[in-house]
Amino acid sequence: MKERAAELRAQGRGGQKKADNLQAVIDAIAAMPDADRALAERIHVLVLEHAPSLLPKTWYGMPAYATEAGKVVCFFQGASKFEARYATLGFNDAANLDDGAMWPTAFAIVEWTPAVEKRVVELITAAVA
């Protein structure tokens, strides 16, 4: 919560510039332990490539990607952040992942493989469709 409060204070009334938000995400990724950093870097590249309408920003100290209106669509949560056994790629209600009456909004990632990359691209693409 302290990280989120600091993020909101840093934005001020006028909000941060896109370049400042991008640098904050790059800095947050760089500060992660190796395993989390490798996953976060791949997700970052894929979001920028497959969902260029989403804007990078930090959210609770983690990399996130939001609409122009500031609604977070997806985010990465490193395993080390909460001493979990897996990192998480999560989606908020602004993501277009609806599939019937129930659908997943968070995905555990323990290693990066071609199959994982393909699925992440599918999710990112669907989220902004």
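The values are calculated or read from the model by the stated rules, or taken from the named source; none is laboratory data. Treat the numbers as computed from the prediction; the structure is a model and nothing was measured. Because the Cβ atoms are built from the backbone with ideal geometry, glycine has one as well, and the counts that use them run over all protein chains shown. Accessible surface areas use protein heavy atoms only, side chains included; no ligands, DNA or RNA. Shrake-Rupley method; radii C 1.70, N 1.55, O 1.52, S 1.80 Å.
Quick notes
- Derived scalar couplings between HN and Hα for segment 26-31 equal 4, 5, 5, 5, 4, 7 Hz in order, rounded to whole Hz, by the Karplus curve 6.51 cos²θ - 1.76 cosθ + 1.60 (θ = phi - 60°), x for Gly and Pro.
- Take 26-35, 113-122 and order them by the average number of nearby Cβ atoms within 10 Å per residue, most first; the result is 26-35, 113-122.
- Seen through its C-alpha gyration tensor, with square-root eigenvalues sorted a ≥ b ≥ c, the chain comes out oblate because a/c lies at 1.5 or above while a/b is not bigger than b/c.
- Linear extension gain, residue 125 paired with residue 93, 0.36 nm per residue minus alpha-carbon span: 10.0 nm
- Nearest-20 debye value, the chain charge dipole, Cβ charges on Lys, Arg, Asp, Glu: 420 debye
- Karplus (6.51, -1.76, 1.60) ³J(HN,Hα), θ = phi - 60°, over segment 67-72, in Hz, Gly and Pro reported as x: 6, 4, 7, x, 7, 5
- Based on Cα contacts under 8 Å between residues 6+ apart, segment 29-129 shows a relative contact order of 23 percent.
- Carbon and sulfur %, accessible surface of the chain computed with the full protein complex present, 1.4 Å: 56 percent
- Length gained when the stretch residue 22-residue 68 is fully extended (0.36 nm per residue, less Cα-Cα span): 15.2 nm
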